[in-house]
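Reviewing the structure listed below.
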Amino acid sequence: GGAPPPLLSAAAAGSLAVCAVQLGLAWALGRRLGGRCAPADRWVLGWLCYDVLVHCTLVSAGPGRGPGQPALGKAQGGREWPGP
C-alpha cells in the first residue's frame, strides 16, 4: 500500500482556517465592544459577533452569488421566503 489519505481535504482545511480567523475577529470585537461589561456579557457579545461574521460569509458565498448580490427570487428559480 501507499501512503494513507490525508486527514483533511484542502477544502476542509481552508474552511477550518476561515472559521478560526472569524473566531479570532469575533473575540477581539467582543472584547473591544464589551470592555466594561461583565465577562458573561462579553462572551455573549463575542458570540453574536461570530454569528454575524459567519452569516455574512455564508450569505456572500452562496451558489452563483457574489458579495452584495441579492438572493435568488422566485423569478430566478429561487424559493420565496414564507411570510409570518
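A few remarks follow.
Results for (1) over 20 Å from the mean Cα position of the chain (by Cα); (2) in a helix (DSSP H, G or I); (3) at pLDDT 90 or above, shown as yes or no for each residue.
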{"site": "SER15", "(1), (2), (3)": "no, yes, no"}
{"site": "ALA20", "(1), (2), (3)": "no, yes, yes"}
{"site": "ALA26", "(1), (2), (3)": "no, yes, yes"}
{"site": "ASP41", "(1), (2), (3)": "yes, yes, yes"}
{"site": "LEU45", "(1), (2), (3)": "no, yes, yes"}
{"site": "TYR50", "(1), (2), (3)": "no, yes, yes"}
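- Residue list for region 1-28, filter: of a type in the set (A, V, I, L, M, F, W, C) and either more than 15 Å from VAL54 (Cβ to Cβ) or in contact with a Gly (Cβ under 7 Å, 6 or more places away or on another chain) (or both): ALA3, LEU7, LEU8, ALA10, ALA11, ALA12, ALA13, ALA26, TRP27, ALA28
- Take the conditions (1) at pLDDT below 90; (2) loosely packed, with under 12 Cβ neighbours inside 10 Å; (3) part of a helix (DSSP H, G or I); THR57 misses just one of them, which is (2).
The values are calculated or read from the model by the stated rules, or taken from the named source; none is laboratory data. Note that the structure is predicted; figures quoted are calculated from it, not measured. Note that each Cβ is placed from the backbone with ideal geometry, even for glycine, and that neighbours are counted across all protein chains shown.
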